[in-house]
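For reference, the structure is listed below as structure tokens.
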Amino acid sequence: MDHPGHSTGWQDEPQSVASEDDGAGRAALLAGLRAEDQGIRAVERLDGNVGRTELRRIELRRIADAGEGARAIGAAMELVAHTRALLLDLRCCLGGSPEGAAMWCSYFFPDDQVHLNDIYERATDSTRQYWTTAHLPAPRYLDRPVYVLTSATTFSGGEDVAYTLQALGRAVVVGETTRGGAHPTARHPVTAYITVAVPTSRTVNAVTGTNWKGVGVRPDRPVPAERALEVAYEEARRSEV
């Protein structure tokens, strides 16, 4: 049996049982992503020329406008392109897509030759590889420290970014062990009121050969989530570039 971290059911207001693959579903998803700026909550430059980017979701959906999502991510990275260190704040990040995780991770590596993850899909017995992206709409963030801030509620797509950057030695994770949801899901409307999300695939990291399912991403600097920003910021200010 799959660990319950990604098997979810909930009751909501009445809604259509139509698939997100139809026109109405696509339009609704795209509108939601636009309203949330692709999950980008805040971008700022702190004293000492340390950048901070807060993400609530990790998005780049093929079902919606992936080009628009890439431009939003690029705009955020452009604003911190010349900082001396970056704090990637995922403490309130509750999910996203593998494509979004791969796009964000791509900014921290020099080219498209870095293998990030594979996702094995049971239904088709097929594996999709995720590599860094060759062409990005903003400068890559290289040769400078990156700190990923986590909490016990950081989940799914947020965990993907934290785990991948940590496994590849590109970021220091500061905060709490994350929630532990690694397997992509499909949403199945059961009735107009009830939707069930069921794991359909398995993420396999290219370095570790496994993932964070059920155990979470374990921080390099374990501190309470409310202190993660303070601790990472002080370390970033002391870092040598």
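The values are calculated or read from the model by the stated rules, or taken from the named source; none is laboratory data. Because the structure is a prediction, the values reported are computed rather than measured. Cβ sites come from the backbone with ideal geometry, for glycine too, and all protein chains shown count toward neighbours.
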Subject >> Sole exception among (1) modelled with pLDDT under 95; (2) touching a Phe, Trp or Tyr at 6+ places or on another chain (Cβ under 6 Å) for Gly100, by number >> reply: (2)
Original post:
Say we look at region 103-152 and pick out the residues that are charged (D, E, K, R) and exposed (fewer than 15 other Cβ atoms within 10 Å of the Cβ); which of these is nearest to Thr53 (Cα to Cα)?
Top reply: Asp143
**OP:** Scan Thr191, Thr195, Thr177 and give me the residue that is at pLDDT below 95, of a type in the set (S, T, N, Q), surrounded by 16 or more Cβ atoms within 10 Å (Cβ to Cβ) and farther than 25 Å from Arg128 by Cα.
**Re:** Thr195
Original post:
Which residue, of Asp118, Asp89, Asp125, is charged (D, E, K, R) and free of Cβ contacts under 8 Å to residues at least 60 places away in the same chain?
Top reply: Asp125
Original post:
Since Ala66 meets every condition but one in (1) within 23 Å of Thr153 (Cβ to Cβ); (2) modelled with pLDDT under 65; (3) under 16 Å from the mean Cα position of the chain (by Cα), which condition does it not meet?
Top reply: (1)
Original post:
Could you list, in sequence order, the residues of region 189-208 that are farther than 24 Å from Ala167 by Cα, assigned to a loop (DSSP other than H, G, I, E, B) and small (Gly, Ala, Ser)?
Top reply: Ala192
**OP:** Scan (1) buried (at least 18 other Cβ atoms within 10 Å of the Cβ); (2) farther than 21 Å from Gln38 by Cβ; (3) modelled with pLDDT under 95 for the single condition Val172 breaks and write down its number.
**Re:** (3)
Original post:
Residues that are more than 12 Å from Arg91 (Cα to Cα) and polar (S, T, N, Q): which strands (runs of 3 or more DSSP E) entirely in region 121-188 hold 2 or more of them?
Top reply: 126-131
Subject >> Odd one out for Ala162, checked against (1) within 11 Å of the chain's Cα centre (by Cα); (2) among the small types (Gly, Ala, Ser); (3) at pLDDT below 95 >> reply: (3)
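Table: residues versus (1) among the hydrophobic types (A, V, I, L, M, F, W, C); (2) in contact (Cβ under 8 Å) with a residue 60 or more places away in the chain.
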position: His135; (1), (2): no, no
position: Val148; (1), (2): yes, yes
position: Asp160; (1), (2): no, yes
position: Thr178; (1), (2): no, no
Subject >> Among the candidates Ala206, Ala232, Ala236, residue that is modelled with pLDDT of 95 or more and within 18 Å of the chain's Cα centre (by Cα) >> reply: Ala206
Subject >> Check on Ala72, closer than 20 Å to Pro139 by Cα and modelled with pLDDT of 95 or more >> reply: no
**OP:** Please find, within region 75-102, the residue that is nearest to Gly216 (Cα to Cα) out of those that are within 15 Å of the chain's Cα centre (by Cα) and of a type in the set (Gly, Ala, Ser).
**Re:** Gly95
Original post:
Gly169 is checked against (1) within 26 Å of Glu78 (Cβ to Cβ); (2) touching a residue at least 12 places away in the same chain (Cβ under 8 Å) and fails just one. What number does that condition carry?
Top reply: (2)
